[in-house]
Amino acid sequence: MTSTVRTQVAIVGAGPAGLILSHLLAQSGIESVILDRRSREEIESTIRAGILEQDTVDLLASIPGSRAHTVGSRHDGIELRFDGVGHRIDFAGLVSRSVWLYPQHEALKDLLAARLAAGQDIRFRATAHAVEDIDSERPRIVARDDAGAELDVEADFVVGADGSRSVVRSALSGSHAGYFREYPFGWFGILTEAPPSADELIYSNSPDGFALISQRSETVQRMYFQCDPHMDADSMNDQQIWETLDRRVPGVELKKGPIFQKGVVPFRSFVARDLQRGRIAIVGDAAHTVPPTGAKGMNLAVADVVVLARALEALLGRSDSGPIDSFADEARKRIWKAQHFSWWMTSMLHQIPDASEYDRLRQLGELRSVVDSEHGRAYLAEAYTGWPMDLGAAIGSAAPASSAADLLTRRAS
Ligand code: DHB
């Protein structure tokens, strides 16, 4: 027995991209159905990055029930550390923008609660296998529901927000059609029960390799260090991990505590060749992957759906196909800027295996070019806090202020 569901937009993936897209579409009166092969609990407990660009947090904070501004914390700068010295990049002073530290799984809890409260149809543990009739006006997702029964979702438009192993991308252009880059290292990430070691994030280039000191709360901290991408996280005990981190952030006294979560993240850059065809599009990790340095992954997914939501409103609301025809070109501009920024931060901060002494000294010259120049620091600040997304109607006039400059303006008025 196959059950068939009909909707306007079928979305595969209940991650940030799929959930925010359903919210934006609902605001325009467009209904959608979301399928995700994971359970709600799995989605809410996947540990990912924690930095939200200013426009990402403004959009999230405009969704009822968001805790981004209460549980999250505003960061007006970061520290770049090399040669044993820290250099502050003052986002607020340089570009009047900020970022917010709010873990992705917390944002997902908010989004799932908000969408379910609004009556969104989300099918958990429903696995999409294929997309059929892809060149027709009614593409169809072929799936199995949580009980293993066949489920077809027929729609006016299908969106793949289904991550790096996207089924929708395979249907669109074959799973590997795109542009790749591999890196000979990854990150070893930990969560530790300890107070913060610094007020702001520290990105540290050391002769021993890169480390990032990030945070989660007053009592839980997130830290990463460059490692072999194939290493087993269980091969290092707590003492070895702390020794490694101490060597990588010379001059900073790290506050230590029990390590209760650890794992290795591989590094990859990828951009799919095709982002849209007829009535199918892909967004977020289904469309591109970045190495985590600079935390662009989720922010780029949000930027994709802001552009796609507007295109779908035009197509389905006004039968105007202009915006969907230019969706891929529009999205690609930001995607390649973020690809460059993530690659640049990665290559500038990590030790590249087999690098010569020349390469190493040039890298320090590059870091010094950035921190010694107001323009260099401003470029980094602009890219890190995020290029404007043109949120417009997406957040309405009730959007809370999230940047230092906004808050100052508010206080003054
Ligand atoms: C975090 C992750 C990142 O990739 C980054 O650049 C900054 C912070 C984090 O998980 O806290």
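Data for the structure
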| quantity | calculated |
| --- | --- |
| FRET E, pair R368, D199, Förster distance 41 Å, beta-carbon r, rounded to 0.05 | 0.95 |
| Sulfur and carbon atoms: percent of accessible area, the chain [1.4 Å] | 49 |
| Taking the chain and dividing mean pair separation by its residue count, relative contact order in percent (alpha carbons under 8 Å, at least six apart) | 22 |
| Square roots of 5 times each gyration tensor eigenvalue, C-alpha, region 283-327, largest first, Å | 26, 8, 6 |
| Three principal axis lengths of the chain [C-alpha, angstrom, descending] | 63, 55, 38 |
| Protection proxy ranking of 231-241, 246-256 - average other beta-carbon atoms within 10 Å, highest first | 246-256, 231-241 |
| Integer Hz, Karplus 6.51/-1.76/1.60 couplings in order for region 70-79, x for Gly and Pro | 9, 8, x, 9, 7, 10, 9, x, 9, 10 |
| Accessible-area value, Y179, 1.4 Å probe, nucleic acids and ligands omitted, Å² | 120 |
| Length-normalised contact order of region 82-162 in % [C-alpha pairs under 8 Å, at least 6 apart] | 16 |
| Amide H within-cut-off set for K256, under 5 Å, with H built and near neighbours excluded | none |
| Within straight-line cross-link reach of K262, lysines at Cα separation under 23 Å, skipping those fewer than 8 residues along the same chain | K109, K296 |
| Among V302, V371, A314 - extreme Cα towards positive end, dipole of region 268-373, charges at beta-carbon | A314 |
| For region 280-393, the spread of Cα positions along each principal axis, largest first, Å | 59, 31, 18 |
| Normalised per residue, the volume of the convex hull around the Cα set of region 27-141 (Å³) | 192 |
| 5 angstrom amide H check on Y183, placed H, neighbours 5+ away | F267 |
| Mean accessible surface per residue for region 83-186, computed with a 1.4 Å probe while every protein chain stays in place, in Å² | 43 |
| Length released on extending from E357 to D238, taking residue separation times 0.36 nm less the Cα-Cα span | 39.7 nm |
| The chain - mean residue ellipticity at 222 nm from DSSP helices (-39,500 (n - 2.57) per run, n ≥ 4, rounded to 500) | -10500 deg cm²/dmol |
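The values are calculated or read from the model by the stated rules, or taken from the named source; none is laboratory data. Bear in mind that the values here come from a model prediction, so they are computed numbers and not experimental data. Every residue, glycine among them, receives a Cβ derived from its backbone with ideal geometry; neighbour counts consider all protein chains shown. Accessible surface areas use protein heavy atoms only, side chains included; no ligands, DNA or RNA. Shrake-Rupley method; radii C 1.70, N 1.55, O 1.52, S 1.80 Å.
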